[in-house]
Amino acid sequence: MSNKVNEFQILNANDAELMRISQEGTLSLNLNEMQTIQSHFAKLQRNPTDVELDPIPRDMVYGN
């Protein structure tokens, strides 16, 4: 198991890139959800890590 944390480059991503990130990162989020995440991290002025994004789809399904 790798301990490396990866950063998702979403701050300057266009809609197609956001969807690619969602699919390749196995996030399975739709464009609206990805844009919401992009907006949130734009306010923080940084890109999210895989550790931060990994639980999002589960939280949406299980309501955590």
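Structure data summary
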{"read-out": "Diffusion coefficient, µm² s⁻¹, Stokes-Einstein with Kirkwood Rh over alpha-carbon pairs of segment 1-41 at 20 °C and 1.002 mPa s", "value": "201 µm²/s"}
{"read-out": "Rounded to the nearest 20 debye, dipole of segment 14-59 from Cβ charges on Lys, Arg, Asp, Glu", "value": "140 debye"}
{"read-out": "Highest-first arrangement of 9-17, 48-56, where packing means the average Cβ count within 10 Å", "value": "48-56, 9-17"}
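Read the figures in this text as sums done on the coordinates, not as results from a lab. Quick caveat, the model's predicted, so the values are computed rather than measured. As a convention, Cβ positions derive from the backbone with ideal geometry for all residues, glycine included, and neighbour counts pool all protein chains shown.
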